[in-house]
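Take a look at the structure below.
Rule-based calculations on the coordinates, nothing more; no lab input. No experiment lies behind these values; they were computed from the predicted model shown. Neighbour counts run over all protein chains shown; Cβ positions are idealised from the backbone, glycine included.
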Amino acid sequence: MSATLSSRPTLHIREKGTRGPTLVFLHYYGGSSRTWAPVIAALPADMHTVAVDLRGWGQSEKPDDGYTLGVLADDIESLISDKGLTDFVLVGHSMGGKVAQLLASRNPAGLRGVVLVAPATPTPLALPPEVLAGFVNVYDTRESIEGALENMLVSSPLPADLHEQVIADSLAGAPGAKAGWPLVMSQEDISAELRHIRVPVLVIAGGEDKVDPVDAHRNELLPRLNDVEFRVLPGIGHLVPLQAPSEVALLVKDLLRQRIAG
């Protein structure tokens, strides 16, 4: 189903279940709402989940502009308001994790917690400009995407269906979306905003993540959070929702039961 946002692009969502709090899922750079399908399948069937195609990705509209953290956070805040969600948890992966950090720092009404899965750090990605510029075209061809999978994104090959899903989702991104992360959002510094987050935060890292490694979380993210739990999944690469969906689902359920429910 899709939710039409006033003065905003139409965002495509995948929604199921009715039991709250609602889990609002935000995907990585190159992904879509279906990145979260294996995790959602491992959660209780009645749990209310809303997985979003961020602007420029998946089946959402693909405007030429608006690819900044603030605008993406505005998109999700408007979606939450339009759907009348009054009891929800943000779950963000990589780029979606940085969007979740910024949105959580605004303390929107009804926010109960945050789960950051292999999230981008709140500080600028420390890479030379020419390397960042090269990322703009990394999702332009099947061959370049397969190179990213093999060399950066996973610690072991994905099943064939998920491999093809990653390729299709990566190719489907709008030009502005493909450029927006490396050239703009990855360089935005939102570290000062994190002190305003007032809800429990769970950070899940892949032990073999080459994109957002464990040490980056320990140095750049964890010290800036007031109420945080950190879990490392050994042997897992950056695409944690696809490589370890059952483990992510279990940790989310534990957070809900121990810190949020009731």
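Points to keep in mind about this one:
The rows are residues; the columns are (1) under 19 Å from VAL117 (Cα atoms); (2) among the small types (Gly, Ala, Ser).
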residue	(1), (2)
THR10	no, no
VAL52	yes, no
SER60	no, yes
ASP65	no, no
GLY70	no, yes
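- In this structure, THR123 qualifies as within 23 Å of GLU208 (Cα to Cα), out of contact with any His (no Cβ under 6 Å at 6 or more places or on another chain), of a type in the set (Ser, Thr, Tyr) and surrounded by fewer than 24 Cβ atoms within 10 Å (Cβ to Cβ).
- Taking first residues from the range 244-255 that are in contact (Cβ under 8 Å) with a residue 12 or more places away in the chain and β-branched (Val, Ile, Thr) and partners that are in a loop (DSSP other than H, G, I, E, B) and buried (at least 19 other Cβ atoms within 10 Å of the Cβ), the Cβ contacts under 9 Å between residues at least 6 apart in sequence or on separate chains come to VAL252/LEU43.
- Within the range 162-180, the residues that satisfy the criterion of being touching a residue at least 12 places away in the same chain (Cβ under 8 Å) and either assigned to a loop (DSSP other than H, G, I, E, B) or more than 22 Å from TYR67 (Cβ to Cβ) (or both) are LEU162, HIS163, GLN165, ALA172, GLY173, ALA174.
- Hits in the range 30-44 - residues which are outside any loop (DSSP other than H, G, I, E, B) and more than 16 Å from the chain's Cα centre (by Cα): ALA41
- Matching residues in the range 45-76 - criterion: being part of a loop (DSSP other than H, G, I, E, B), surrounded by fewer than 24 Cβ atoms within 10 Å (Cβ to Cβ) and in contact (Cβ under 8 Å) with a residue 60 or more places away in the chain: LYS62, PRO63, ASP64, ASP65, GLY66, TYR67, THR68
- Residues of the range 15-50 that are over 13 Å from ILE80 (Cβ atoms) and of a type in the set (A, V, I, L, M, F, W, C): TRP36, ALA37, VAL39, ILE40, ALA41, ALA42, LEU43, ALA45, MET47.
- Within the range 126-161, if we keep just the residues that are of a type in the set (Asp, Glu) and assigned to a helix (DSSP H, G or I), the residue that is surrounded by the most Cβ atoms within 10 Å (Cβ to Cβ) turns out to be GLU146.
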